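The values are calculated or read from the model by the stated rules, or taken from the named source; none is laboratory data. It should be emphasised that the depicted structure is a prediction, and the values quoted were computed from it without experimental measurement. Virtual Cβ from ideal backbone geometry, glycine too; neighbours counted across all protein chains shown. Each accessible area value is taken on the protein alone, full model and side chains, heavy atoms only, with ligands, DNA and RNA left out. Shrake-Rupley method; radii C 1.70, N 1.55, O 1.52, S 1.80 Å.
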Amino acid sequence: MGRSLKIVGGEVYDPANGVNGAVREICVQDGKIVESCTGAAEIIEARNLVVMPGGVDIHTHIASPAVNAARGFRPEDHRHGLMSKRPGIRSGVGFTVPSTFATGYLYTKMGYTTVMEAANAPIGVRHTHEELIDIPILDKGIYVLMGNNEFILKYLKAGEMEKVKRYVAWLIRSLKGYGIKLVNPGGVEQWKYGKDVESLDDKVYYFDVTPRQILKALSWANESLGLPHPIHLHANRLGIPNNYLTTLETMHALDGSRLHMAHIQFHSYGGENWGGFCSKAVEIAEYINAHPNVTTDIGQVVFGDATTITADGPWQYRLYKLSKNKWYNQDIEVETGCGIVPYVYREKNYVNAIQWAIGLELFLLIRDPWRVFLSTDHPNGGPFIFYPWIIKLLMDKTFRAEMLKRVHKRVLSDTTLPKLDREYTLSEIAIISRAGPARALGLQHKGHLGIGADADIAIYPKDDDREQMFEHPVCVIKDGETVLQEGEIVGSRDGKTLFVIPPEVGEMDPEFKTEFENYYTIEYENFPIDVEDIPNPEAIPAGAAR
Amino acid sequence: MPPVILRVKEAPTGVPLEAESISPDLFADRSREEIEALPVALGNESHRLGDFFQVEGERSDQIEVDGSIPRVKWVGSGMTRGRVVIHGDVGMHAGSYMRGGEILIEGNAADFLGVEMEAGLIRVRGNAGHRAGAAYRGSKFGMRGGIILIEGDVGHEVGAYMRRGLVVIKGNAEDFLGARMAAGTICLFGRAGLRTGGGMQKGMIVCMHPVELLPTFAYDCIYAPIFLRILFKGLKRLGVQPTPQQANGLYRRYHGDLAEIGKGEILIPA
Ligand SMILES: [Zn+2]
């Protein structure tokens, strides 16, 4: 029998179960939350402390061939943030692209227990799993990149929708993936010919399909397979002035279906050019407020060092030209692309300052916290270790006002941020950082403290400085075991790999196998990842078709 | 203030000793016992400085190392004041990240001398290795200020990614001298290797001997740069004496690297 414990006297924030700061006893047995413990239970005294479910990050880049390339590409990043080994704890390095063990410890130190790796080319997923397995403590899942996959583009060109669906199911099943990711649909394929798509109706070279078709087809496949998470979309035109029009058009194109818009801050820009760069957060927030089918994570910008890593090759080329930093570009044949550019966000740079403000505007203007989630699109907007700083900005308007004095003055005149005096409550923070993402992911046993939920629990000190509070949990419990105590990792353990089993929709036809073997560097039979290769798998069944 | 003298007790020969503790900033307020207790690393083992050196004197920002320590790394790394004299060779990373003060190496310096230093003076009587005054792998900029003066020869990629400051080499340099320089000045009295100034954006490399230039450098003119006279006047104070021909003569000016923004300059006596 596993450990039994009772957390007593704490103020519990469990918004999924309507608990808002009431003092409740939380009972844990065998790694799950239970009604009451059957035998003697260890008592965790939580008087004057805040108890929340473990954090859930819906969008982060912590493992993959791309992240690993970024580590190699940025040795300077690994000369800082040195973490020494201690008994039971491995050493680590890195700031924007930390090494695997460090990643697990750093998330745990903020009270996070579940994270989603947001961009993976199918061919690299085996590597990603290997890295995720090495990341201690956390439960992890993988989104698989599909928005520029040439098999999908080919089936779309031929109008063979059933084949799209079968292929998507085959990919998710073979790769032990969690969901469908699209990055600049059509644009990354176009980049292989040195171009990008300008609108939703641009035709992709050779395939003659449009981003709109790709979006609709993958959204349809996702919903008809009953996958728990909607399509996870990095929309077209990321980072470019006036892209908010494309963003609105994209959401409109998928009106009525579930949709997760990733790092929407990077998609809420106005202005004809960089000189006229401005915020369109109001327009985007208005649309999201009126459309309950849309969820989003912000991709908040944090000042300082960042590493941009994305499949969005054409955008990375633009960023390289703008920043004059070093640039990594890769063609992942048949599947997608990849670009890496280091970047520094500066308070006094008006574009960076407005980006920072747009993120906060969106957080404050989107009224339903269940549909807006905390992210920095780590490490694109900045490293995840700054989540507590963002929480402070959201909860403390005085701190926001102080920051407004420091950043470029155009934020004052060109954004609504100075006029927004909403302050997030603890319950709302619990929603945007745990309950909400878990719900959007369809993870019914995560992000809450109801009976049967995984006993992933973070206990925070009550501190008026919300950054201090969320940076220094008193205790973190993962699957019923204490993993962090008084700021130190005390019991590293392996986390689980979460993956979805899609319904049976038919075998791939022999023609596909031939083609696969023609194009791939690996045998068809070797492509799928055996569940035996994953030490702690947890299958999440797909739901009914929508 | 009498200097603290470090006499080599047991010089490491295999695994190098990492001794960023040998720094005036750390010695200045410490007693002899405290200096002996400063940590050094031999591989993954932690030791005391006193295990390897006999310490004489205390509380001084003047340090003298009596002997050759070619396997001792990071001497004077990050120092901001005072003076370190090494009566012999020194290991890698000496004076890296240095922000002030002076290091005098009477023998040879190994690789990564004065890497990413911001201010101060490093003088080497002998030769220096690769990447002196350059950037560490991955960093955007190398040396950001200060002076490195090497009387002997240097290795590859010296002054690479330099951002500001001055590197003077009285001997010869190997390949990629001043590669990807962003600014700053390199003055080479000996001969240069291949691809001098490859990828340089701005900054200046003065080569006193003919150089085989990359095709992405373009010839501009012959002139007598006033800047050089001022530079050489300053160098005299450091004991570098250019010939009258070098000091007052004409130079051919090339600009490049045109594969980049092409605002760098290479000067060669006409
Ligand atoms: Zn992302």
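Computed 3J(HN,Hα) for segment A:529-541, one whole-Hz value per residue from the Karplus formula 6.51 cos²θ - 1.76 cosθ + 1.60 where θ = phi - 60°, is 9, 5, 5, 5, 6, 10, x, 10, x, 9, 7, 10, x, glycine and proline marked x. The stretch between A:I522 and A:Q485 holds 8.8 nm of extra length on full extension. This uses 0.36 nm per residue minus the Cα-Cα distance.
At a threshold of 8 angstrom on Cα-Cα distance, excluding pairs fewer than six apart, so keeping six or more, what relative contact order does chain B reach in percent? This gives 10 percent for chain B. Taking both sides together, the accessible area buried where B meets A is about 400 Å² for a 1.4 Å probe. Of all lysines in the structure, the ones whose alpha carbon falls short of 23 Å from that of A:K462, not counting any fewer than 8 places away in one chain, are A:K6, A:K109, A:K392, A:K397, A:K478.
Report, to the nearest whole %, how much of the accessible area of the protein assembly as shown belongs to carbon and sulfur atoms, 1.4 Å probe, protein only. So the carbon and sulfur contribution to the accessible surface is 50 percent. Under 18 Å of direct C-alpha separation, and excluding same-chain neighbours fewer than eight residues apart, A:K165 reaches these aspartates and glutamates: A:E150, A:E223, A:E335, A:E504, A:E507, A:D509, A:E511, A:E515. Pairs of Cα atoms nearer than 8 Å and 6+ residues apart set the relative contact order; for segment B:111-269 it is 16 percent. Converting phi to 3J(HN,Hα) with the Karplus coefficients 6.51, -1.76 and 1.60 and the offset θ = phi - 60°, segment A:164-173 yields 4, 4, 5, 5, 4, 4, 4, 4, 4, 5 Hz in sequence order, with x at every glycine or proline. The relative contact order of chain A comes to 21 percent, based on Cα pairs under 8 Å that sit 6 or more residues apart. Scanning chain A for GluC sites (Glu not before Pro) in DSSP loops with at most 11 neighbouring Cβ atoms within 10 Å leaves A:36-271 as the longest stretch between them. For segment A:63-100, a reduction of at least 50 Å² in accessible area between the chain on its own and the assembled protein chains (probe 1.4 Å) is found at A:R79. Considering only the other residues whose Cβ falls under 12 Å of the Cβ of A:G447, what net charge follows from Lys and Arg at +1 and Asp and Glu at -1? Net charge in that neighbourhood comes out at -2. Label-to-label distance, A:D530 versus A:I451, with points set 7 angstrom from Cα along the beta-carbon direction: 4.0 nm. Stretched out straight at 0.36 nm per residue, the stretch from A:K195 to A:L82 would grow longer than its current Cα-Cα span by 36.6 nm.
Note that chain B shows a convex hull volume over its alpha carbon atoms of 108 Å³ per residue. Using the Karplus curve 6.51 cos²θ - 1.76 cosθ + 1.60 with θ = phi - 60°, what ³J(HN,Hα) values do you get for each residue of segment A:327-339, in whole Hz, with x for Gly and Pro? 3J(HN,Hα) across segment A:327-339, in whole Hz: 9, 10, 9, 9, 9, 9, 4, 6, 9, 5, x, 7, x. Taking every protein chain into account, the 1.4 Å probe leaves A:Y424 with about 10 Å² of accessible area, to the nearest ten. Summarising the amide proton neighbourhood of B:C187: residues at separation of 5 or more, or on other chains, whose placed amide H is nearer than 5 Å comprise B:V167, B:V168, B:I169, B:V206. I'd like the orientation of helix B:226-237 relative to chain B: the angle between its Cα long axis and the longest Cα principal axis, in ° from 0 to 90, rounded to 10. For B:226-237 against chain B, the angle is about 30 degrees.
Under the rule of at least 5 residues apart or a separate chain, name every residue whose amide H is placed under 5 Å from the amide H of A:D139. Counting only residues 5 or more places away or on other chains, the set is A:T114, A:V115, A:K496. Using just its DSSP H runs of length 4 or more, each adding -39500 (n - 2.57), the protein assembly as shown gives a mean residue ellipticity at 222 nm of -6500 deg cm²/dmol after division by all residues. Taking amide H atoms as placed 1.01 Å from N in the peptide plane, the amide H of B:I122 lies under 5 Å from those of B:I103, B:I147, B:I148, B:L149, each 5 or more residues away in sequence or on another chain. I want to make sure I understand the PRE zone here: with the label point 7 angstrom from the Cα of A:T425 toward its beta carbon, which residues in segment A:6-45 have backbone N atoms less than 14 Å away? Inside the label zone: A:12-23.
Rounded, prolate or oblate: pick one for chain A, where a ≥ b ≥ c are the square roots of the eigenvalues of its C-alpha gyration tensor, a/c under 1.5 means rounded, and failing that, prolate if a/b is larger than b/c, else oblate. It is oblate, given that a/c is not under 1.5 and a/b is not larger than b/c.
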